[in-house]
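The values are calculated or read from the model by the stated rules, or taken from the named source; none is laboratory data. Keep in mind that this is a model prediction, so the values were computed, not measured. Because the Cβ atoms are built from the backbone with ideal geometry, glycine has one as well, and the counts that use them run over all protein chains shown.
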Amino acid sequence: MASHADTHAHGDHGHHDDHGSHANHGTFGSYMTGFVLSVILTAIPFWLVMGNVFDDKTVTAVLIMGLGLVQIVVHMIFFLHMDTKSEGGWNMMALLFTVVLVLITLSGSLWVMHNLNSYMMPMTMTPEQAKQLP
């Protein structure tokens, strides 16, 4: 009966891939596609801000956040090779769980800060009155 060490010593050259045998490692073309998309998705917000394209800063901020979300997806697909099939779907489940936790944390924090601002700050205080607070 051969032990595990004997099997390796006697030339068992079978592939032992820790990441699964169907892991997608990408090609040069897919990396270049991801790189070009990332550069474009970085240049557009830079142009929006430096060119002062929109008079309304809210529109600019929303567009930048939207392009940032698209860039996150590009990085996940082209560089991290995440899809619904990778690691048997567990990568996608972990990502969804993380997104849910981040959304709960952010929305809860914003809700608490809004309520603190609404109920704790006096609305009619002048700057001179604020200087005299303890």
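Here are the numbers for this structure:
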{"item": "Complete set of residues in region 82-105 that are surrounded by fewer than 15 Cβ atoms within 10 Å (Cβ to Cβ) and under 14 Å from the mean Cα position of the chain (by Cα)", "result": "94, 95, 96, 97, 98, 99, 100, 101, 102, 103"}
{"item": "Number of the condition not met by residue 88 [criteria: (1) at negative phi; (2) out of contact with any Phe, Trp or Tyr (no Cβ under 7 Å at 6 or more places or on another chain)]", "result": "(1)"}
{"item": "So residue 69, is it assigned by TED's automatic domain parsing to the domain that holds residue 33 and of a type outside the set (Asp, Glu)", "result": "yes"}
{"item": "Residue that is surrounded by the most Cβ atoms within 10 Å (Cβ to Cβ) [pool: residues in region 70-81 that are at negative phi and over 12 Å from the mean Cα position of the chain (by Cα)]", "result": "78"}
{"item": "Contacts under 6 angstrom Cβ, first residue in region 57-80 being aliphatic (A, V, I, L, M), partner not in a helix (DSSP H, G or I), 6 or more apart", "result": "76/82"}
{"item": "Residue match in region 114-132 (condition: at pLDDT 85 or above and polar (S, T, N, Q))", "result": "yes"}
